[in-house]
Structure formats: structure tokens, C-alpha cells
Amino acid sequence: MGIFYGDLGLVNTEDMLAGAMKGGYAVPAYNFNNLEQLQAIIQACAETRSPVIIQVSKGARSYANSTMLRYMAMGAVQYAQELGADIPVALHLDHGDSYELCVDCINSGFSSVMIDGSHLPFAENAALTKKVADFAHARKVTVEGELGVLAGIEDEVSSQHSHYTNPEEVQEFVNRTGVDSLAISIGTSHGAYKFKIKPGETVPPLRFDILAEVERRLPGFPIVLHGASSVLPVYVDIINKYGGALENAVGVPEDQLRQAARSAVCKINVDSDGRLVFTAKVREAFAKDPKEFDPRKYLGPARSELVLMYKAKNENVMGSAGRA
Ligand code: G3H
Ligand code: 13P
Ligand code: ZN
């Protein structure tokens, strides 16, 4: 039969995304792989009274172990309550790459899944997404699909060369599949090197014209933005100061994300910003105290800084603070 997410205290994303659409904000979807990241996400969202989607990739799930993950998610809900905040928490599979993986996640307590068929031809993407949605909806699990391709880190392509979503396809995709939300490609990309620009140049704006056309064709339908880290220079600088080598790392400016969050973009995905904060503070701790070897002494400061970064995002970028 499997485990029902409701028994873990989790919710699906339906009400969260509807609230975000109505309220002109975006629900943060933060990736995590370990205890400290999850603690920081929950503490930040509890303290800012923000709904939250905690999400794991396929790789994160095998890193953490799916049983550990289930109890971590259940613990996350209770931890928020201990902090005095009864915020809605969804556990979401990020970039699910097969029907079987989505089914396995649903059966092990996930409340939401993404099936990413964006690299497939339209008809194959739609058929796969519908198959997942049919299985998920019978168990009250919400499903995110994707149309259009984001540039990957390894591709080293600028945003101009990513494969933008074709707005003419979105209505048919949603109708055929029954998905609850749709990720689109409007110029963001995954990782810490989102745009190839020379020093002093500004990053190209996101394609808000495509977003507006998608909104016109799917009124009131929740849109998802992937690859939305801002690659905050303060953390890139700390990493480089303490022995790292992140050259020309650049992300999406916060004001553009805020603009997107006010529109039909109801879920914004952030992974890289968390990785950068964590790495910066661990590098700093190692450099400043080479004699220290208690993990709490270098993971603790990383966790504390993550809380600050996520709180600032909820308040200034997502607009989700105070919405839970
Ligand atoms: O979009 C992908 C996420 O950033 C997860 O990446 O597969 O390295 O865990 P990962
Ligand atoms: P970033 O690499 O910009 O954080 O994107 C994360 C993401 O889209 C996860 O699905
Ligand atoms: Zn993504």
C-alpha cells in the first residue's frame, strides 16, 4: 500500500500554490541533502511564518536514504510546531526522471512529485506526465510537469541559448496531463554559472514576455521557476577568500525573482544558494580554526548562516513571510 504523507503531518502543494497565486507571492522550494540544511530551512520558515516545500532530487534521496528522509520530513513538521509555527510543509521530489521513481516516492511518503519529461518530444513528455499524474492524483499527491529546457551547468550555454517554453504548447500540455503546476523555461538555469557575462555587464533580463503569454493562456494556473538561485556574491567571495575557486559565478537578480513571484510564478526553486552559504561558512571555519575537528563547530555556523539567508529570501524575494 505504501505510506500516506498525511500520516507524517505533510500536505500536498494544492492549497499552498493556490494561496500564492491569490496573494502575489511564491512558495519557497528549498532543496536539502542533510540534517543541517533541513533544520535551517524549517527554522527560517517557522520564524518567518512561511509555507515551505522541502524538496529532494533523486541523488539527494539516495544520499540521505529514503527511510531516513521520511522520518526527517516527519521530524521537520514537528520541529516547526516546537518552534511555535504550524506552517504547511510539503515533501516534493525534484526532477523525477521516471514513472517508477515517482511511484516509489509517492509510496514512501512524498506529498508532491515532479516528473521532468522536458527533454522528451512533446507527445512523450505529455504521455509520461499524464501517467504519473493519474497515479499520484488517486493518492492526493500533487504533480509538477515541465515544458521547455533549462540550460545546465555543464552545457556552458548562455541564457539566450536555452530552449524557452513555447507558450503555444502550455494549454494542451496541461489539458492532456492534468498536472497541478508547470515549470517553464524563461532564462534561468541550474547551478552557479547562469549567465556568461563580462565584468561590469549586467545579466540579461528573464523573458517576462514569455511568462505573460503563458499566464494569458493558462489564467490562474501555478507556474514554477527552476534555477532561481541568486548566487549571492557575498558567499562566493567568502568561498574564494578561503581557498575556493568559483570564477564568474552569477545568478538571477533578486528584483527579477520578486517580480516573477508577484505573477503566476507560485513556486521558486533554490538549491545552489544553500550550497554556497554552507560551503562558505565551512571553508571559513576550517581556515580560521585549523585545530578544530568537532563537526558541530563547523556545521553549526553554516546552519546559522543558512537560516539568515532563507529568512531574507522569504521576506525579500519570495514574499512568502507571514503567509502561513
Ligand atoms: O535541479 C537540481 C537540483 O539542484 C538538485 O541537484 O541532482 O545535484 O541533487 P542534484
Ligand atoms: P539553482 O541551481 O538555481 O538553485 O536551481 C535549483 C533548482 O531548480 C532545483 O530544481
Ligand atoms: Zn530544477
Counting only residues that are within 16 Å of ligand 3 (Cβ to nearest atom), among the hydroxyl-bearing types (S, T, Y) and out of contact with any Phe, Trp or Tyr (no Cβ under 9 Å at 6 or more places or on another chain), the stretch 169-200 contains a total of 2
Within the stretch 211-263, residues being over 30 Å from M16 (Cα atoms), touching an Asp or Glu at 6+ places or on another chain (Cβ under 8 Å) and not in a helix (DSSP H, G or I) number 1
Residue pairs within 8 Å by beta carbon, gap of at least six or interchain, first lying in the stretch 101-118 and of a type in the set (D, E, K, R), second outside any strand (DSSP E or B), listed first then second, are D104/S66; D116/D97
Checklist entry - Any residue in the stretch 9-19 that is within 22 Å of K281 (Cα to Cα), outside any helix (DSSP H, G or I) and among the hydroxyl-bearing types (S, T, Y)? => result no
Exercise for the section: For D289, indicate whether it is within 16 Å of ligand 3 (Cβ to nearest atom), more than 30 Å from P219 (Cα to Cα) and acidic (D, E). Expected result: no
Only one of V214, V236 is of a type in the set (A, V, I, L, M), open to solvent by less than 30 Å² (accessible area, probe 1.4 Å) and within 30 Å of A285 (Cα to Cα), namely V236
By my count, helices (runs of 4 or more DSSP H) wholly in the stretch 49-158 with at least 3 residues that are within 13 Å of ligand 1 (Cβ to nearest atom) are 58-64
Subset of the stretch 131-151, residues touching a strand residue (DSSP E or B) at 6+ places or on another chain (Cβ under 7 Å) and either farther than 17 Å from L17 by Cα or not acidic (D, E) (or both), comes to V132, A133, A136, V141, T142, V143, G145, L147, G148, V149, L150, A151
Scanning the stretch 256-283 for residues that are more than 16 Å from ligand 1 (Cβ to nearest atom) and open to solvent by 30 Å² or more (accessible area, probe 1.4 Å), the one farthest from R207 (Cα to Cα) turns out to be R283
When every residue in the stretch 44-102 that is hydroxyl-bearing (S, T, Y) and closer than 30 Å to K130 by Cα is compared, the one nearest to ligand 3 (Cβ to nearest atom) is S57
Residue hits (the stretch 229-249; modelled with pLDDT of 95 or more and out of contact with any helix residue (DSSP H, G or I) (no Cβ under 7 Å at 6 or more places or on another chain)) are P233, V234, D237, N240, K241, A245
Considering the stretch 207-230, residues that are under 14 Å from the mean Cα position of the chain (by Cα) and of a type in the set (A, V, I, L, M), and then whichever is farthest from ligand 1 (Cβ to nearest atom), we arrive at I223
The residue from P204, P199 that alone is modelled with pLDDT under 95, away from ligand 1 (no atom under 16 Å from the Cβ) and open to solvent by 50 Å² or more (accessible area, probe 1.4 Å) is P199
Over the stretch 218-233, the set of residues surrounded by fewer than 24 Cβ atoms within 10 Å (Cβ to Cβ), away from ligand 2 (no atom under 11 Å from the Cβ) and within 29 Å of E144 (Cβ to Cβ) is L218, P219, G220, F221, L232
| said: F173 - would you say it is over 18 Å from the mean Cα position of the chain (by Cα) and either closer than 16 Å to Q256 by Cα or touching a residue at least 60 places away in the same chain (Cβ under 8 Å) (or both)? | reply: no
Any residue in the stretch 49-70 that is away from ligand 2 (no atom under 16 Å from the Cβ), of a type in the set (V, I, T) and open to solvent by less than 10 Å² (accessible area, probe 1.4 Å)? no
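The values are calculated or read from the model by the stated rules, or taken from the named source; none is laboratory data. All figures in this text were calculated on a predicted structure; none of them were measured in a lab. Every residue, glycine as well, gets a Cβ built from its backbone with ideal geometry; the counts of neighbours run over all protein chains shown. The area values use the complete protein model at the heavy-atom level, side chains included, leaving out ligands, DNA and RNA. Shrake-Rupley method; radii C 1.70, N 1.55, O 1.52, S 1.80 Å.
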